[in-house]
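Presented below is the structure to which this report refers.
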Amino acid sequence: MLRLIAAGALVAGAAGLCGVASAQPRPAGDGLGEMYCVYESLTLETDYEVVAEAFLYGDTAAADIAAAKKLVDDTAATCAAGHDITAGQMSAMSEIGILGSATDYLADELLFEGVSETAIDGIFDVFDELSEDDQDGIYDGAWRDDAAIEGRVKSALLAKGVPDTEHSIETAFQILDLSTMAMDSVMMFMLDEMKDDKP
């Protein structure tokens, strides 16, 4: 399931962060847009699980990591075919695919453990509901070393219905980190597109 897109975390969040709300992605056929093509393609089947496991777990075999990388590269090449995609946009597109796959994988893990769809969807709303200072802390990756920000994020997750267990909260923290990283990749794609459009 395209959880990042369903929750509206990427387009809305990225537009707000970089101030380019008018720079909407160009549609690619009937899909979500070029920047989401790798992510969308991987999640059509179970390919996202292969990619997510290679990305998330340090004990993944080298052959499996290589297979996951080839899968992403091949998917990105297919997505880029017939479109005016820059090298930077292809890289961002691949990153969105990887980060989206990992996010969906973790969200599925919570679902299998009995966490409600509503609570899982709520994780993607937490970032936009935090103060700008806390958003900056999450965005620059420093928040896990800041007990105050981490505490506020945990409270926000609990309010969304995420169970107060170490595993559920840690998984939700990971989802928040990954979706924020994906926002950065979306911004990079959009900014590259704007730069490419300049005369």
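No lab work stands behind these numbers, since they all come straight from the coordinates. Because the structure is predicted, anything quoted here is derived from the model rather than measured. Heads up, the Cβs are rebuilt from the backbone with ideal geometry, glycines too, and the neighbour counts pull from every protein chain shown.
For the pair T118 and A142, what calculated FRET efficiency results from E = 1/(1 + (r/R0)^6), where r is the Cβ-Cβ distance and R0 = 35 Å, to the nearest 0.05?
That pair, A142 with T118, gives E of 0.75.
Under a crude label model (7 Å from the Cα following the beta-carbon direction), how far is D164 from D74 in nanometres?
Each label point lies 7 Å from its Cα, and together they span 4.8 nm.
Going by a ≥ b ≥ c, the root eigenvalues of the Cα gyration tensor, does the range 54-129 fall in the rounded group (a/c under 1.5), the prolate group (a/b larger than b/c) or the oblate group?
Numbers: a/c = 2.80, a/b = 1.45, b/c = 1.93.
Because a/c hits 1.5 or more and a/b fails to exceed b/c, the range 54-129 counts as oblate.
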